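A short reminder: the numbers here are calculations on the coordinates, not readings from a lab. Computed from a predicted structure; not experimentally measured. Backbone-built Cβ (ideal geometry, glycine too); neighbour counts: all protein chains shown.
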Amino acid sequence: MLLLAKNVRGSEQVLGDLHALVSANASGAQRIVEFMDEYGMEDLEALTFVVQERAEKAMRDAVQELPDGIYKNEIWASGLGPPEPFPIKITIHGDEIEVDYEGTPPERETGASNSTLSFTVAYTCYTLKCMLTPDVPSNAGCYRMFTVKAPEGSRLNTSKPRAVYLRTHTTWYCPANILYAMANAAPDLVQAFTGFPSSQLIYGRDPNGQVYDDHLFQGGGQGASSRQDGKSGLLFPTTAADTSVELAEARAPILVLIRQYVPDSGVAGRYRGG
């Protein structure tokens, strides 16, 4: 722990999180052992096989309900330069889905807004999972019918040693692209997209010389669906929520004067956005 403390900013916050993770892991391991003892199990291999098989069947059944076809969309994303097009092509065939990001802009040498293919795949598959089988516990079986492609050397499949720290600034558009394209195949299953987040990075030293370092997060609000209003202050595809006023003021020398919803920002409709 001492080595970690010497290599992070705000070690009093980081070490507390690490202790919590270690404790949670130990508690979880103990409960798994108790579960296996109760049912006389030597390992979890057979159980995990069944769980994944059932999850795969549920997802394939859901995909099978969608109309076969090719569904396209294009989003213009702004970032460090002028707006650029991010096209998407989704092919549904039987119980499988292929998502192709051919035409994605090339990777950047500066700005760190590139994404690895693994991160792009994660954002893509998670969006489809939430849309098609939201009530099925997530595991490997949920994703075996998905194929994700992005051109090598592009913003969504960058090559080493390109920087990727701000990859979410690019991959954030992937779920929106998927939802807009899939609206043509399954309009009742998609939601309007999330209002993009904003954040502030605060760093400095207080009068006592103590370093403070915090990341304040504000969500734009979740989009409405065909079944319900969007949630205010929440985001998709992350589960991040707004930083609380109390936490922000405790961690950094700031004073929040007002925090409120913007009237009518959810827009009128059968269901409003968050």
Response to the item:
The set of residues whose placed amide H lies less than 5 Å from the amide H of GLU96, leaving out same-chain residues fewer than 5 positions away, is none
Worksheet entry | Mean Cβ count within 10 Å, highest first, over the residues of peptides 217-224, 102-109 | 217-224, 102-109
Fill in: Estimated vicinal HN-Hα couplings, Hz - the stretch 193-200 in sequence order (Karplus 6.51, -1.76, 1.60; Gly, Pro = x)
7, 5, x, 4, x, 10, 8, 10
Worksheet entry | Amide H contacts of ALA77 (H built 1.01 Å from N, under 5 Å, at least 5 apart or other chain) | GLU84, PHE86
Worksheet, complete the sentence: Per-residue Cβ contact counts at 10 Å, fewest first, order TYR39, TYR180 as TYR39, TYR180
Worksheet item: Hey, what do the phi angles of the stretch 70-78 turn into as Karplus ³J(HN,Hα) couplings, whole Hz, using 6.51/-1.76/1.60 and θ = phi - 60°, x for Gly and Pro?
Response: 10, 10, 10, 7, 8, 10, 9, 10, 9
Worksheet item: To the nearest 500 deg cm²/dmol, what mean residue ellipticity at 222 nm is calculated for the chain from DSSP H runs of n ≥ 4 alone, each contributing -39,500 (n - 2.57), summed and divided by the residues?
Response: -10000 deg cm²/dmol
Worksheet entry | Peptide ranges 247-256, 205-214, 81-90 listed from the most packed, as the mean C-beta count within 10 angstrom indicates | 81-90, 247-256, 205-214
Response to the item:
The residues TYR173, TYR271, TYR261, sorted from fewest to most surrounding Cβ atoms within 10 Å, come out as TYR261, TYR271, TYR173
Fill in: Of (i) 57, 51, 33; (ii) 65, 60, 44; (iii) 67, 42, 36, the label for Cα extents along the principal axes in Å derived from the coordinates
(ii)
Practice prompt. Would you mind checking which residues have amide H under 5 Å from SER154's amide H? H placed 1.01 Å from N; only 5 or more apart, or other chain.
Written response: GLU107
Practice prompt. List, in order, the whole-Hz ³J(HN,Hα) value for each residue of the stretch 265-273 obtained from phi through the Karplus relation with A = 6.51, B = -1.76, C = 1.60 and θ = phi - 60°; use x for Gly and Pro.
Written response: 6, x, 6, 6, x, 4, 10, 8, x
Worksheet item: P(r) for the stretch 115-176: what percent of alpha-carbon pairs falls in each 10 Å bin, starting at zero?
Response: 21, 48, 26, 5
